[in-house]
Amino acid sequence: MSAWDSRYLIRHNIKGAYVLVITIGDKLIGVRDPYGLHPLCIGTLANNSGYVLASETCALEALDAEFLRDVTPGEIVIIDKSGLQSIEPSRWCKKNLCVFEMVYFARPDVYEFRRKCGMKLAQQNKIDADLVMAVPDSGIPAAIGYAEASGIPYGEGLIKNKYMGRTFILPVQEQREDAVRIKLSTIRHNIEGKRLIIIDDSIVRGTTLRRIVKHLRDSGAKEIHVCAASPEVKFSCYFGIDTPHREKLIAVQKSINEICEYIGADSVTYLSEESLKEVCGQDTYCKACFDGNYPMEVPIN
């Protein structure tokens, strides 16, 4: 396949968010969409004995491989016995990495980004409380950042069942609630009689947090202040993050006060879009789930 044919195929025939890893004969091929909405990186095995393609660098560590670089948006890499060949992206490609990868989906190794989001939350919202805690695992770095910036101690209040998967993507509400009950248990000694600030990475439907807040109340929490380390999720994602239709997003359905009442918290705070922008630095992220600014044409929802 020539460079021109490959660019034509990507630009004119394949649209949307995708990362492809393909084996054809003795070739390993990696393709990243022209917007770079989801990650793909290249690693080298020990003694330069080969290459690895993976979405996260943690996979490289498991293979004792060394990170080489990211596949750039729109790039095609072809690996065979002769080495690595790169078909460079066209000039129209633009990096728009999905910010939800940083907020939620990427492993907690994305520590500094999430910690800074927590620090921004603390600067936005002064709450008098006894303990800062997290909804594990993705909320932990943000909770630590909040504690550092606020001076309120950080502690564990929830223990996660490590064998449970994602809960917000389960198709049926009853399944999601059952999964949350199995997934998280409280540490009553750290909760009872305390005014809590609980940090989660985001609030999508609100049903998971509603169940968590009830667990904390039942364990004797005196106050519960919920903080989301991202802005309100107000728009559907069409690029691989399985958020529901807009009418099922709690930030579309309800005001802040109504959300607070629904989940049973004493207060609810979201990270502002301006604060998120400051944490992101250069505007190279897709934040369409927050602001509706999609990088390409999408179906009307």
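Karplus-based coupling profile of segment 125-141, in residue order and whole Hz: 9, 8, 10, 8, 8, 9, 8, 9, 9, 10, 8, x, 9, 5, x, 5, x, with θ = phi - 60° in 6.51 cos²θ - 1.76 cosθ + 1.60 and x standing for Gly or Pro. For the peptides 124-133, 75-84, residues were scored by their other Cβ atoms within 10 Å and the scores averaged per peptide; the highest-first order is 124-133, 75-84. Put a dot 7 Å past the Cα of Thr72, heading toward its Cβ, do the same for Ile159, and the two dots end up 5.0 nm apart. Projecting the Cα atoms of Gly264, Phe239, Val252 onto the charge dipole of segment 226-276 (Cβ charges, centred on the Cα centre) puts Phe239 farthest toward the positive pole. Packing order of peptides 258-265, 41-48, highest average first: 258-265, 41-48 (average count of other Cβ atoms within 10 Å over each peptide's residues).
When His189, His38, His245 are compared by accessible surface with a 1.4 Å probe, the order from highest to lowest is His189, His245, His38. In terms of the mean number of neighbouring beta-carbon atoms within 10 Å, the peptides 142-148, 51-57, 99-105 order highest first as 142-148, 99-105, 51-57. In terms of its C-alpha gyration tensor, segment 18-114 comes out oblate, because a/c is 1.5 or above while a/b does not outweigh b/c.
The values are calculated or read from the model by the stated rules, or taken from the named source; none is laboratory data. If you're wondering where the values come from, they're calculated on a predicted model, not measured in any experiment. Cβ: placed from backbone, ideal geometry, glycine included. Neighbour counts: every protein chain shown. Surface areas here come from the heavy atoms of the whole protein model, side chains and all, with no ligands, DNA or RNA. Shrake-Rupley method; radii C 1.70, N 1.55, O 1.52, S 1.80 Å.
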